[in-house]
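Trainee: After the structure tokens below, expect a handful of questions from me.
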Amino acid sequence: MSQVGIDISRVDALEKTLGIAKYGADLPISNPLYLKVVRSPRPHAKILRIDTDEAMRVQGIKRVFTAKDIPGKNLVGTIHKDQPVLAQDRVRYVGDAVALVCAETLESAEEASKRVNVTYKDLPPVFDPEEALKIDSPLIHEKGNLLLEFQVVKGDIQRGFKEADLVIENTYTTSWVDHTYLEPDAGVAYFDEEGRITVVCPTQNVHYDQREVASVLSLPLDQVRVIQSATGGGFGGRLDITVQCFLALVVFHLRRPVKILYSREEVFQVTSKRHPLKIRYKSGAKKDGTLTAVEVDILGDTGAYASYGSTVAIRSAIHATGPYYIPHVKVRSRMAYTNNSWSGAMRGFGVPQIAFAHESQMDLLASVLKIDPIEIRLKNALQTGSSTATGQTLTASVGVGETLLKIKDQWNRLNQMKRDSEKPFIKRGIGVASMWYGIGNTGIANPSTAQIEIDPEGAIRLFTGVADIGQGSDTVLLQLASESMGVPLEEIRLIRADTAYTTDAGATSASRQTYISGNAILHAIKNLKQEAVKEASQLLGIDEKDLFYENGKVKSRLCLTTSIPLKEVVRRSGKILRGEGYFDPETTALDPKTGQGVPYATYAFATHLAEVEVDIETGKVKVKRVIACHDVGKAIHPKNVMGQIIGGVVMGMGFALMEEYIPGKLTSFVNYLIPTSKDIPEIIPMIVEEREPTGPYGAKGVGEPALIPSAPAILNALADAIGERIFRLPANLERVLEAIQKSKQR
Amino acid sequence: MIPPFEYKTPKTLQEACDLLWDYKERAKVIAGGTDLVIALRNESLRPEVLIDITHIPELRMMRVENGMIFIGGGITHSEIASSPLIHQYGKVLSDAVSEIGSPQIRNIGTIGGNIVNASPAGDSIPPLLVLDAFATVVSIEGKKEVSLIHLFESPYKTTLKPYEILLNVQFKKLPSRMRTGFVRLARREGMAIARMSVAIALDLESGGNRINEIRIAVGAITPTPQRMSEAEEFLKGRLPDEESLQKASFLISDAMIKRSGIRPSTSYKRPVIEALFKRAVRQALEGER
Amino acid sequence: MIRFLLNGKEVQVEIPPHWTLLRLLREGLGLTGTKEGCGIGECGACTVLLDGKPVNSCLVLAPKVEGKEVQTIEGMGSRASLHPLQKSFIEHGAIQCGFCTPGMLMASKALLDRNPQPTREEIKEAISGNLCRCTGYQQIIEAIEAVKK
């Protein structure tokens, strides 16, 4: 192995370090029109009138667009198309787009946007998902406020609890979280040289964007082109449409280049959030710690629009058991519409929320049963051959036990160390948490495609629709290609995330690109090799079956010295050789009543150990150290994997301790706090490689798993420190102090 | 996007006073701009003219005169934090300003700006209050000295007239026998507004251990920055033992409630301000000064 | 007319006073390496050096740079000769999405220019005004540590 499992310089790093990478706001465009969106200040209202007269008198104004200017379908959405580009006749949350102002300068656009006078008639709003599901609740969408109900049923839940010696039940609540990708949404659009409406912006999926833009404009796909600009983070927040349709709509009507820039406040207000979940969790276990049953009820708030709400409902239900074998399972998961900010995909799709619940429960069981937290997890951990809650038998690459064993040494060492601080008001605690995470979309086809070609001059081009949003897929996919082709990485030119040149690779989400698109690329290369063998066979006059491809050459099986370099093959044949690649993980649809089936082809596993110090007089929590052990199948680029783990731990720490978005409130970086360099613990990443036989060189995924055990490990450490558990995230100053006061009253 | 305005850069105090007199409410003074530019951006302020006072030599001076320390209104937080003079004679101020915002903010934000912004959470204010600081205010009408405590009217509002400039703050060199403490609590370690802060200056009886004098100021828990005179009076002449400090801490939380009323946050703030106060006193007792 | 030294070269520009330094750099001079992440001095993406000190260019009004020296990412290094910090960021995996990178590099450069041997705590302090959402900071801190003289 020369190119896989090594830390090469990332291919995108040089341009980023020089400041020449072009993000959405940096894209060069001459003489553009500027856009500004007029947004609803009301959570739920009918639009009676949109008066643009005053706006049209602002100097430099070009036009104000409203829903009636949309030539195609005025609804977008990743799964359910229920979100208007511009509000049709009603608004459903504070921030809904009502009109789009277009002017010669940004100043004019901003000024005019304040002079669009919208007359609303308020409708009764609903902000609580439980209220929203009541029979007399105001309807947010005509089809009703229940977006989806999903169940996982396995075994006999009654029997499971009857067999238990201990049953523990609690309710866990999580908050809205903002992705806080550092680059505010921005972009440009224009007609390209072939007359296509071309949108360039940060995104996680150019092909989805292309389909939505075409549908909104009622244009054939080939008249719309979407190109991913350098993208300053995503974390799921750029899976949905942000600025794409606005930009395209104006180019469509005015046939001029356009530009849009969101302010940070606007990003907070109008982009998706992590779903707040309320989780009622009941666990049963025998005296020896063996889990017998779990019954879970999940209620989520998807806000005004569906986005990935159903995915979050389904994924949190499937993962509700945690990485443990449990014979009797019953999960009900519901997702409700409200007039809150809309929730969507965010790193983990509901699994970070559910992991907070199942890992708190594991510690509670362990504590009552007086079993070591690691031992109770090891006792129940999934293994090769285990059956999951959806009845899937895991056949390989089940590394949760291995991650627990690696953490166990550290745990024992820390447990023996003196735990008290010199400061009387500081209490120390340690905690562990494990997780599992299914790679790829849930129980549906989610293929990726790719092409590779080599021309007679020997130039190699790899085409992929994969959007690198900072996680490093450009580098990893090139490593896979280089390794598989046996040519140096520098010789392969990557063409990516431009719908004019690349085909659909699916979204950069669900930790799927290394596994799924990596496999698609390997498949393309396999086909290219066959083409090379075919050509070489003619050139050499040797039968195809006697030739094989190795290390950039076609070689003869019969004669060790007979070989022809790939470049020689194309040079002499004068042809462009191509390989088409396709990969779709093997999954099955899930039974609609019981959720039984194979939702994912493979799972990633991890265990984190967190050490915290709690100031019992102020409720301030300092995370001192996190040891994060991840089974990734195979680390193609270990430093990238570690970067994902470290970044995930810190994002999980924010989720655990400080991040809470409140819909309808003006939010900026002043009141929405994410960890700074002074808040971070020492993080020790550890990699376990339980090879996934279907993965590229054994790889699975790590992007989302990195975050998932972080918050529950911190919350378990916090409970260890103060002797009281917190059931609502974030565990901010007030909640921690309240728990401390409660523990003192005991 | 910031709307347009004119920009004046007076080179002398006189020139600045004249300009401010001419424009009055239509003008705003800019020093570092770390608060002002945000207000311009969100259009909560729309001045016609900005008057940049950082080119006036007097505003950029830090000096000692007759046992008094003078810090020009245009001195940045970084300059204060790194000043040996302030470290020696007003360490409580160095400690506080070195925790303001971020290094970037401290490099341009000024002490004058921090004061006139009059935020209940302004970090430089509690330490200045325990240093018994005065502000020198100038305008076309002349120069006057105002006790800092009288500068604050309500949250984000000072008693300054629109045409007045905060020239400097001044305080007596803190005598070497006086010890200080500063404790700040925020929701995160870097770049966060203070949730609460306490500054202490403490003088113990020579020979004995009783408290000769204690000055206590709190930040972010009252509408305007305050000295906690009830607790100061109570502690005078007492030993700084656990019991007295406990009682004093109750006087502080009572004063907070008296001035701010009972709020949803009170159940949190009450025990915490008591604890932070005791911590600040302990820090003062343990520290050199 | 504003006159200042930009990355070692004298610049004269006619700019309205309500423009920030950030806008002047990005729109006025086409230097888009300096990023806008929040516009209110809370993220550090727009960090440049003003007379050698890191500042949020989104909070500095353009007239404030008259007669001063401004350093931006564009003046830090080139493809042919990277600044040691840039090299170290690449080698240590300190770059993911890269949006915080220019500001982070400027803040680190200011630190090393004045304190070539910083402790880990001093490094954390020096970049505490620069938010990063991808890396969790650790590899950035390691990259800066590796450049200590």
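The values are calculated or read from the model by the stated rules, or taken from the named source; none is laboratory data. Note that the coordinates shown come from a computational prediction; the quantities given were computed from them, not determined experimentally. Cβ placement follows ideal geometry from the backbone for every residue including glycine, while neighbour counts extend to all protein chains displayed.
Trainee: Going by the conditions given, is C:CYS100 surrounded by 23 or more Cβ atoms within 10 Å (Cβ to Cβ), closer than 22 Å to A:LEU182 by Cα and touching a strand residue (DSSP E or B) at 6+ places or on another chain (Cβ under 6 Å)? First the steps, then the outcome.
Mentor: On the way: surrounded by 23 or more Cβ atoms within 10 Å (Cβ to Cβ): yes; closer than 22 Å to A:LEU182 by Cα: yes; touching a strand residue (DSSP E or B) at 6+ places or on another chain (Cβ under 6 Å): no.
When the stated conditions are applied, C:CYS100 does not pass them.
Trainee: Sort out which residues of region B:99-129 are crowded, with 24+ Cβ neighbours inside 10 Å, under 16 Å from B:ILE221 (Cα atoms) and not small (Gly, Ala, Ser), and write them in order of number.
Mentor: Matches in region B:99-129: B:ASP123, B:ILE125, B:PRO126, B:PRO127, B:LEU129.
Trainee: Select from region C:116-149 the residues that are under 17 Å from the mean Cα position of the chain (by Cα) and either within 12 Å of chain B (Cβ to nearest Cβ) or small (Gly, Ala, Ser) (or both) and list them in ascending order.
Mentor: Listed by number, the residues that qualify are C:ILE123, C:LYS124, C:GLU125, C:ALA126, C:ILE127, C:SER128, C:GLY129, C:ASN130, C:LEU131, C:CYS132, C:TYR137, C:ALA143.
Trainee: So, one more: Has region A:301-322 got at least one residue that is small (Gly, Ala, Ser) and surrounded by fewer than 23 Cβ atoms within 10 Å (Cβ to Cβ)?
Mentor: Of region A:301-322, the ones small (Gly, Ala, Ser) are A:303-304, A:306-307, A:309-310, A:313, A:316-317, A:320, A:322.
Now drop any that are not surrounded by fewer than 23 Cβ atoms within 10 Å (Cβ to Cβ), which leaves A:310.
For region A:301-322, residues small (Gly, Ala, Ser) and surrounded by fewer than 23 Cβ atoms within 10 Å (Cβ to Cβ): present.
Trainee: Residues in region B:163-179: is at least one within 14 Å of chain A (Cβ to nearest Cβ) and of a type outside the set (Gly, Ala, Ser)? If you could, list the steps in order and put the result at the bottom.
Mentor: Filtering region B:163-179 for residues within 14 Å of chain A (Cβ to nearest Cβ) gives none.
The answer is no; no qualifying residue exists.
Trainee: Quick one: which residue in A:GLU704, A:GLU734 is within 27 Å of A:ARG280 (Cβ to Cβ), crowded, with 24+ Cβ neighbours inside 10 Å, of a type in the set (Asp, Glu) and touching a helix residue (DSSP H, G or I) at 6+ places or on another chain (Cβ under 9 Å)? Can you show your working first?
Mentor: Details: A:GLU734 fails: crowded, with 24+ Cβ neighbours inside 10 Å.
Just one listed residue meets the conditions, A:GLU704.
Trainee: Moving on. Taking helices (runs of 4 or more DSSP H) that do not extend beyond region B:61-127, which have at least 3 residues that are under 13 Å from the mean Cα position of the chain (by Cα)?
Mentor: Working: elements: B:77-81, B:84-89, B:91-97, B:103-108, B:111-116.
Where helices (runs of 4 or more DSSP H) fall fully within region B:61-127 and carry at least 3 residues being under 13 Å from the mean Cα position of the chain (by Cα), they are B:91-97, B:111-116.
Trainee: Taking region A:182-193 as the search range and keeping residues that are in a loop (DSSP other than H, G, I, E, B) and in contact (Cβ under 8 Å) with a residue 60 or more places away in the chain, which one is farthest from A:ASN340 (Cα to Cα)?
Mentor: Pass one, region A:182-193, residues in a loop (DSSP other than H, G, I, E, B): A:182-185, A:192-193.
Retained after the next criterion (residues that are in contact (Cβ under 8 Å) with a residue 60 or more places away in the chain): A:183-185, A:192.
Working: A:GLU183: 24, A:PRO184: 21, A:ASP185: 21, A:ASP192: 38 Å.
Checking each candidate, the answer is A:ASP192.
Trainee: Say whether the condition of being more than 30 Å from B:ASP18 (Cα to Cα), within 14 Å of chain C (Cβ to nearest Cβ), hydroxyl-bearing (Ser, Thr, Tyr) and without any contact (Cβ under 8 Å) to a residue 40 or more places away in the chain is met by at least one residue in region B:102-123. Talk me through it step by step, then tell me what you get.
Mentor: Residues of region B:102-123 that are more than 30 Å from B:ASP18 (Cα to Cα), as a first pass: B:102-104, B:120-121, B:123.
Narrowing the set further to residues that are within 14 Å of chain C (Cβ to nearest Cβ) leaves B:102-104.
With the extra rule that they be hydroxyl-bearing (Ser, Thr, Tyr), the set shrinks to B:102.
Filter once more, so that each one left must be without any contact (Cβ under 8 Å) to a residue 40 or more places away in the chain: none.
Taking every residue of region B:102-123 in turn, none turns out to be more than 30 Å from B:ASP18 (Cα to Cα), within 14 Å of chain C (Cβ to nearest Cβ), hydroxyl-bearing (Ser, Thr, Tyr) and without any contact (Cβ under 8 Å) to a residue 40 or more places away in the chain.
Trainee: Another one. Can you say whether B:LEU93 is surrounded by fewer than 24 Cβ atoms within 10 Å (Cβ to Cβ), away from chain C (no Cβ under 14 Å) and more than 22 Å from C:LEU49 (Cβ to Cβ), as far as the supplied structure shows?
Mentor: No; evaluated as a whole, the condition is false for this residue.
Trainee: Scan region C:101-113 and tell me whether some residue there is within 8 Å of another protein chain (Cβ to nearest Cβ) and either more than 13 Å from the chain's Cα centre (by Cα) or in a strand (DSSP E or B) (or both).
Mentor: No, region C:101-113 has no match at all.
Trainee: Moving on to the next point. For region A:629-746, list the helices (runs of 4 or more DSSP H) that sit wholly inside it and hold at least 3 residues that are more than 14 Å from every other protein chain (Cβ to nearest Cβ), closer than 20 Å to A:GLU617 by Cβ and of a type in the set (Gly, Ala, Ser); which are they?
Mentor: On the way: elements: A:638-657, A:710-722, A:733-745.
Here the list reads A:710-722.
Trainee: Look through B:ILE262, B:ILE221, B:ILE252, B:ILE211 and report the one residue that is free of Cβ contacts under 8 Å to residues at least 12 places away in the same chain and either surrounded by 21 or more Cβ atoms within 10 Å (Cβ to Cβ) or of a type in the set (A, V, I, L, M, F, W, C) (or both).
Mentor: Values: B:ILE221 fails: free of Cβ contacts under 8 Å to residues at least 12 places away in the same chain; B:ILE252 fails: free of Cβ contacts under 8 Å to residues at least 12 places away in the same chain; B:ILE211 fails: free of Cβ contacts under 8 Å to residues at least 12 places away in the same chain.
Going through B:ILE262, B:ILE221, B:ILE252, B:ILE211 in turn, just one is free of Cβ contacts under 8 Å to residues at least 12 places away in the same chain and either surrounded by 21 or more Cβ atoms within 10 Å (Cβ to Cβ) or of a type in the set (A, V, I, L, M, F, W, C) (or both): B:ILE262.
Trainee: Something else: Counting just the residues of region A:556-570 that are in contact with a strand residue (DSSP E or B) (Cβ under 9 Å, 6 or more places away or on another chain) and not hydrophobic (A, V, I, L, M, F, W, C), which one comes out surrounded by the fewest Cβ atoms within 10 Å (Cβ to Cβ)?
Mentor: Here the answer is A:ARG557.
Trainee: Can you name every residue in region C:57-76 that is in a loop (DSSP other than H, G, I, E, B), buried (at least 19 other Cβ atoms within 10 Å of the Cβ) and either at the interface with another protein chain (Cβ under 7 Å from one of its Cβ atoms) or touching a strand residue (DSSP E or B) at 6+ places or on another chain (Cβ under 6 Å) (or both)? Don't jump to the end; show me each part of the working.
Mentor: The initial filter retains those residues of region C:57-76 that are in a loop (DSSP other than H, G, I, E, B), namely C:57-60, C:66-68, C:72, C:76.
Those still in the list that are buried (at least 19 other Cβ atoms within 10 Å of the Cβ) too: C:57-60, C:72, C:76.
Once the filter is applied, which keeps residues that are in a loop (DSSP other than H, G, I, E, B), buried (at least 19 other Cβ atoms within 10 Å of the Cβ) and either at the interface with another protein chain (Cβ under 7 Å from one of its Cβ atoms) or touching a strand residue (DSSP E or B) at 6+ places or on another chain (Cβ under 6 Å) (or both), region C:57-76 yields C:SER57, C:CYS58, C:LEU59, C:VAL60, C:THR72.
Trainee: Among the listed residues B:GLU43, B:GLU99, which satisfies the condition of being of a type in the set (D, E, K, R), out of contact with any strand residue (DSSP E or B) (no Cβ under 9 Å at 6 or more places or on another chain) and either without any contact (Cβ under 8 Å) to a residue 24 or more places away in the chain or within 14 Å of another protein chain (Cβ to nearest Cβ) (or both)? Working first, answer last.
Mentor: Numbers: B:GLU99 fails: out of contact with any strand residue (DSSP E or B) (no Cβ under 9 Å at 6 or more places or on another chain).
Just a single option satisfies the conditions, and that option is B:GLU43.
Trainee: Anything in region A:550-591 that is touching a residue at least 60 places away in the same chain (Cβ under 8 Å), closer than 16 Å to A:ILE460 by Cα and assigned to a strand (DSSP E or B)? List them, or say none. Show your work before the answer.
Mentor: Taking region A:550-591 and keeping what is touching a residue at least 60 places away in the same chain (Cβ under 8 Å), we get A:550-553, A:566-567, A:570-571, A:573-590.
Applying the additional criterion that residues be closer than 16 Å to A:ILE460 by Cα yields A:551-553, A:566-567, A:570-571, A:573-581.
Passing the criteria: A:LYS553, A:LEU577, A:ARG578, A:GLY579, A:GLU580, A:GLY581.
Residue-wise test of (1) among the basic types (Lys, Arg); (2) crowded, with 24+ Cβ neighbours inside 10 Å; (3) more than 14 Å from every other protein chain (Cβ to nearest Cβ); (4) in contact with a strand residue (DSSP E or B) (Cβ under 8 Å, 6 or more places away or on another chain).
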residue: A:TYR190; (1), (2), (3), (4): no, no, yes, yes
residue: A:ASN205; (1), (2), (3), (4): no, yes, yes, no
residue: A:VAL213; (1), (2), (3), (4): no, yes, yes, yes
residue: A:PRO220; (1), (2), (3), (4): no, no, yes, no
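Trainee: Moving on to the next point. Can you say whether A:LEU480 is surrounded by fewer than 21 Cβ atoms within 10 Å (Cβ to Cβ), at pLDDT 95 or above and in contact with a Leu (Cβ under 8 Å, 6 or more places away or on another chain), as far as the supplied structure shows? Give the derivation first.
Mentor: Details: surrounded by fewer than 21 Cβ atoms within 10 Å (Cβ to Cβ): no; at pLDDT 95 or above: yes; in contact with a Leu (Cβ under 8 Å, 6 or more places away or on another chain): yes.
No; evaluated as a whole, the condition is false for this residue.
Trainee: Determine whether region A:103-122 contains at least one residue that is farther than 14 Å from A:ARG39 by Cβ, within 34 Å of the chain's Cα centre (by Cα) and not in a helix (DSSP H, G or I).
Mentor: No: region A:103-122 contains no residue that is farther than 14 Å from A:ARG39 by Cβ, within 34 Å of the chain's Cα centre (by Cα) and not in a helix (DSSP H, G or I).
Trainee: If you take the residues in region A:611-622 that are hydrophobic (A, V, I, L, M, F, W, C) and either under 18 Å from the mean Cα position of the chain (by Cα) or within 11 Å of another protein chain (Cβ to nearest Cβ) (or both), which one is farthest from A:LYS700 (Cα to Cα)?
Mentor: Of all residues in region A:611-622, those hydrophobic (A, V, I, L, M, F, W, C) come to A:612, A:614, A:616, A:621.
When the remaining residues are screened for being either under 18 Å from the mean Cα position of the chain (by Cα) or within 11 Å of another protein chain (Cβ to nearest Cβ) (or both), the result is A:616, A:621.
Details: A:ILE616: 41, A:VAL621: 34 Å.
Checked region A:611-622; the qualifying residue farthest from A:LYS700 (Cα to Cα) is A:ILE616.
Trainee: Which residues, taken from region A:329-380, are part of a strand (DSSP E or B) and under 27 Å from A:GLU660 (Cα atoms)? Break it down stepwise before answering.
Mentor: Of region A:329-380, the ones part of a strand (DSSP E or B) are A:329-337, A:343.
Across region A:329-380, the qualifying residues are A:VAL331, A:ARG332, A:SER333, A:ARG334, A:MET335, A:ALA336, A:TYR337, A:SER343.
Trainee: Right, another one. Restricting the first residue to region A:473-496 and requiring it to be on the phi > 0 side of the Ramachandran plot, which pairs with a second residue that is crowded, with 24+ Cβ neighbours inside 10 Å meet a Cβ separation below 9 Å and a spacing of at least six or different chains?
Mentor: A:GLY486/A:LEU566
Trainee: Among the residues of region A:194-217, write down those that are assigned to a loop (DSSP other than H, G, I, E, B) and closer than 21 Å to A:LEU254 by Cα. Spell out the reasoning first.
Mentor: Applying the first criterion (assigned to a loop (DSSP other than H, G, I, E, B)) to region A:194-217 yields A:194-196, A:202-205.
A:GLU194, A:GLY195, A:ARG196 - these are the residues of region A:194-217 that are assigned to a loop (DSSP other than H, G, I, E, B) and closer than 21 Å to A:LEU254 by Cα.
Trainee: What number goes with the only condition from (1) out of contact with any strand residue (DSSP E or B) (no Cβ under 7 Å at 6 or more places or on another chain); (2) touching a residue at least 12 places away in the same chain (Cβ under 8 Å) that B:ASP132 does not pass?
Mentor: It is condition (1) that B:ASP132 fails.
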